[in-house]
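Asks: Okay, here's the structure, questions in a sec.
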Amino acid sequence: MEFETNVAISAGLMVAAFVLDWPRALAGVIFGVLSRFLPYATVVIPLGVVIIAVGGEFIYPLIGRTAAPSLPSFALGLFSVAATASNLYITIRNLNDRL
């Protein structure tokens, strides 16, 4: 029962992340899947989340999505990437432990 509850919470957070900022959430999903194969993922994931959020903050003005980098947009991107990457990594790890 505990695993199912965690999966439901993770799915809700991922949906919220995609609704708020889908490009960075998609990057977070890709990073979460790839981080399953990285060593020291508990250290790499937080660093990667921040790097992806910062990268998006500087890429968005170039493609016209925002006018300029801002702290609220960075915080939103940080949530979007973290909600997808870390939740996906943890869910995959818990599923592997359960099997």
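The values are calculated or read from the model by the stated rules, or taken from the named source; none is laboratory data. Everything numeric here is computed off the predicted structure, so don't read it as measured data. Cβ sites come from the backbone with ideal geometry, for glycine too, and all protein chains shown count toward neighbours. Keep in mind that these areas ignore ligands, DNA and RNA; they rest on the heavy atoms of the full protein, side chains included. Shrake-Rupley method; radii C 1.70, N 1.55, O 1.52, S 1.80 Å.
Asks: Yes or no: residue 82 free of Cβ contacts under 8 Å to residues at least 40 places away in the same chain, aliphatic (A, V, I, L, M) and either surrounded by fewer than 22 Cβ atoms within 10 Å (Cβ to Cβ) or under 12 Å from residue 27 (Cα atoms) (or both)? Before you say what the answer is, go through the steps one by one.
Replies: Details: free of Cβ contacts under 8 Å to residues at least 40 places away in the same chain: no; aliphatic (A, V, I, L, M): yes; either surrounded by fewer than 22 Cβ atoms within 10 Å (Cβ to Cβ) or under 12 Å from residue 27 (Cα atoms) (or both): yes.
So residue 82 fails the test.
Asks: Using the structure shown, decide if residue 7 is under 20 Å from residue 91 (Cα atoms), touching a Ser or Thr at 6+ places or on another chain (Cβ under 7 Å) and either open to solvent by 40 Å² or more (accessible area, probe 1.4 Å) or without any contact (Cβ under 8 Å) to a residue 12 or more places away in the chain (or both).
Replies: Considered against the rule, which asks whether it is under 20 Å from residue 91 (Cα atoms), touching a Ser or Thr at 6+ places or on another chain (Cβ under 7 Å) and either open to solvent by 40 Å² or more (accessible area, probe 1.4 Å) or without any contact (Cβ under 8 Å) to a residue 12 or more places away in the chain (or both), residue 7 comes out as yes.
Asks: Name the pairs: first residue in segment 18-33 and within 12 Å of residue 76 (Cβ to Cβ), second residue buried (at least 24 other Cβ atoms within 10 Å of the Cβ) and of a type in the set (Ser, Thr, Tyr), Cβ to Cβ under 7 Å, at least 6 apart or on different chains?
Replies: 20/80; 21/80; 24/80; 25/80; 25/84
Asks: Are any residues in segment 52-66 under 20 Å from residue 19 (Cα atoms) and either open to solvent by 70 Å² or more (accessible area, probe 1.4 Å) or among the aliphatic types (A, V, I, L, M) (or both), and if so, which ones?
Replies: Selection gives 52, 53, 54, 59, 63, 65.
Asks: Just wondering, is there one or more residues in segment 29-39 that are of a type in the set (Phe, Trp, Tyr) and exposed (fewer than 15 other Cβ atoms within 10 Å of the Cβ)?
Replies: Yes, segment 29-39 has at least one match.
Asks: Let me ask another. For segment 22-99, give me every one of the helices (runs of 4 or more DSSP H) that falls completely inside it and has 1 or more residues that are among the charged types (D, E, K, R) and closer than 23 Å to residue 3 by Cα.
Replies: Counting at least 1 such residues, we get 71-98.
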